[in-house]
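Comments concern the structure below.
The values are calculated or read from the model by the stated rules, or taken from the named source; none is laboratory data. Predicted model, so just to flag it, every value in this text is computed and none were measured. Here the Cβ positions follow ideal geometry from the backbone for every residue, glycine too, while neighbour counts run over all protein chains shown. In case anyone asks, the SASA skips ligands and DNA or RNA and just uses the protein heavy atoms, side chains included. Shrake-Rupley method; radii C 1.70, N 1.55, O 1.52, S 1.80 Å.
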Amino acid sequence: MVHKKKRFGLLTFVLLIVVLIIIRFVEDIDKDVPLKDRFRVTKVIDGDTFELKGGDRVRLLSIDTPEKGEQFYEEAKELLKKYTLNKQVELTYAEKRRDHYGRLLAFVYVDSVFVNKVILEKGLGYLYLFKDTESKLQTTQELLLAQQNAMDAKIGIWSITYSPEDYYINKEGSFRLHRPGCNSVKKLVPGKYRKFDNRLDGFRIGLSPCRNCKP
């Protein structure tokens, strides 16, 4: 009888742990927040991150905007505020819903406006991919076209003048573009990288700048 009680207690404990895990990882957001407020934006952190009522943070998927102190940081942040602050947003996801910081990764819509795309159209961010599967998404192709149009118009970050390198490097399997002296590309394997004479040629096909060497 004692053993049965112990087994029952252990089973109850295991079930409780499983339920708690499911509650944490279920894709619903902020269960305690009323449905109509669950996706209301209460705070804009920077040009590609905002906070929802209830505390969840959202990182706009597939784009990267200037960091604080860089040119067009404030413009990108203000644009995101304009479209999202105190408004209801619709979130759609790709393969992974959260990053290692716990932030939701999402394509963001306000009514019919695709916010990620608007930021690229205005030249206030780069397309920023991680996997080849992302590059094949129809949504990604839409974002890439928006970036290409901003590049052609030379607006926002595409109006900044850079001192040119002799060439730029992209390692096989990566979506980052590097300066030739970058630590990330010091040990190159022949045939496992490609060179670009112009940095814009790399960005035009969907690469994004290395955050260390910043080409």
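Quick notes on this one:
- Derived from the Cα gyration tensor, the three semi-axes of the equivalent ellipsoid of segment 146-215 are 22, 13, 10 Å, largest first.
- Farthest towards the positive end of the charge dipole of segment 31-149, among the residues Gln148, Thr42, His100, is the Cα of Thr42, using unit charges on the Cβ of Lys, Arg, Asp and Glu.
- Accessible surface of segment 56-215 [probe 1.4 Å, protein heavy atoms]: carbon and sulfur percent: 47 percent
- Solvent-accessible area of Glu142 with every protein chain in place, 1.4 Å probe, in Å² to the nearest 10: 70 Å²
- Dipole check for segment 64-149: with +1 at the C-beta of Lys and Arg, -1 at the C-beta of Asp and Glu, and the Cα centre as origin, the magnitude is about 260 Debye.
- Rolling a 1.4 angstrom probe over the protein heavy atoms with all chains in place gives segment 30-175 an accessible area of 53 Å² per residue.
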